[in-house]
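**Student:** Here's a structure for you.
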Amino acid sequence: MTTRLSVHSLGVEIDRSVLLTGVDLTVDPGEWLGLIGPNGAGKTTLLRAVVGLVDSFGSVRVDGDDLGGLSAGERARRVALVPQRPIIPPGMDAFTYVLLGRTPHLSYFASEGKHDVEIAIRTLDEMGVAELSHRDMSTLSGGELQRVVLARALAQEPEILLLDEPTSALDVGNQQQVLEVIDGMRSLRGLTVVAAIHDLTLAAQFCDRLALLSEGELVASGPPQQVLTEETIRVHYDATVNIVWIDEQLAVIPTRQNGVEPPKG
């Protein structure tokens, strides 16, 4: 099987601060890789480096092709990134926003055609938000907004979907629904997914493999049950947890640390 995404010796340094160093990762076609790690570990930086939004050294390849040698439009046709805080143009409705995902497929000064419109309509329908097409983006709920933002990325028709905290600021119901939709689209379109996820239980339930970043380095990778151990989480998250199995699914349960004095003042 050909490796879909290959990252070799990837590093990022900004203003003399090393944010990422020596990261090696491979992701197979159709696989869902979860990026986990404490705040500031380098998860967002890694995703942004893959799509060329930050200067980096090392190599990033998709199906053997060096992404660094492709134009921005060519990269966007191969890889789509859903940022944690997307920029939403004021006054834009959901359909127009999703149609922007077709931009990488258009030549300079060209406008969207019938095929592009059909793809935008179909993607909104597949994401279960077709009824929101004419709603102003500013009026959508958190769950609705996330689905529309995902629809824009999918309208790019990428081979790889990168997600930066796709469930942040969502309630537990919307978290589950959004991840289920992503998993369904992965099966429907044969997508390869790389997602930064804070919730370790959700990461264990939805991801095929996990890659743990800490202080800009890859410190562990493998199946969820191999990476998510109580000792590993204690060392890299400074957290005390219990790893339990519920209905054959792994769950990470934080445990209260007795004897910790409350802050003064």
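**Student:** Here is a check on your reading of the model: is residue 141 among the hydroxyl-bearing types (Ser, Thr, Tyr), under 25 Å from residue 2 (Cα atoms) and at pLDDT 90 or above?
**Tutor:** no
**Student:** Now, a different point. Search the stretch 66-96 for residues being free of Cβ contacts under 8 Å to residues at least 12 places away in the same chain and of a type in the set (A, V, I, L, M, F, W, C), and hand back the single one that is surrounded by the most Cβ atoms within 10 Å (Cβ to Cβ).
**Tutor:** 70
**Student:** Tell me, which strands (runs of 3 or more DSSP E) wholly within the stretch 196-261 include 3 or more residues that are of a type in the set (S, T, N, Q)?
**Tutor:** On the way: elements: 209-214, 217-222, 241-246, 249-254.
Fully inside the stretch 196-261 and qualifying: nothing.
**Student:** Only one of 220, 203 is modelled with pLDDT of 95 or more, of a type in the set (A, V, I, L, M, F, W, C) and buried (at least 22 other Cβ atoms within 10 Å of the Cβ). Can you tell me which?
**Tutor:** Values: 220 fails: buried (at least 22 other Cβ atoms within 10 Å of the Cβ).
It is 203.
**Student:** Any idea how many residues of the stretch 105-123 are part of a helix (DSSP H, G or I) and of a type in the set (S, T, N, Q)?
**Tutor:** Looking only at the stretch 105-123, we keep the residues that are part of a helix (DSSP H, G or I), and these are 105, 114-123.
Now drop any that are not of a type in the set (S, T, N, Q), which leaves 123.
Residues flagged as part of a helix (DSSP H, G or I) and of a type in the set (S, T, N, Q) within the stretch 105-123 amount to 1.
**Student:** Let me ask something else about it. Applying the selection to the stretch 177-214, what residues are among the charged types (D, E, K, R), out of contact with any strand residue (DSSP E or B) (no Cβ under 6 Å at 6 or more places or on another chain) and within 30 Å of residue 230 (Cβ to Cβ)?
**Tutor:** Correct list: 180, 183, 199.
**Student:** Could you list, in sequence order, all residues of the stretch 188-197 that are in contact (Cβ under 8 Å) with a residue 40 or more places away in the chain and surrounded by fewer than 20 Cβ atoms within 10 Å (Cβ to Cβ)? Working first, answer last.
**Tutor:** Keep residues of the stretch 188-197 that are in contact (Cβ under 8 Å) with a residue 40 or more places away in the chain, which gives 188, 190-197.
Passing the criteria: 188, 190.
**Student:** Let me confirm something: among 21, 26, 45, which residue is closer than 19 Å to residue 212 by Cα, surrounded by fewer than 21 Cβ atoms within 10 Å (Cβ to Cβ), under 16 Å from the mean Cα position of the chain (by Cα) and of a type in the set (Ser, Thr, Tyr)? Spell out the reasoning first.
**Tutor:** Values: 21 fails: under 16 Å from the mean Cα position of the chain (by Cα); 45 fails: surrounded by fewer than 21 Cβ atoms within 10 Å (Cβ to Cβ).
Testing whether each residue is closer than 19 Å to residue 212 by Cα, surrounded by fewer than 21 Cβ atoms within 10 Å (Cβ to Cβ), under 16 Å from the mean Cα position of the chain (by Cα) and of a type in the set (Ser, Thr, Tyr) leaves just 26.
The values are calculated or read from the model by the stated rules, or taken from the named source; none is laboratory data. Bear in mind that the values here come from a model prediction, so they are computed numbers and not experimental data. Positions of Cβ are backbone-derived with ideal geometry, glycine not excepted, and every protein chain shown enters the neighbour counts.
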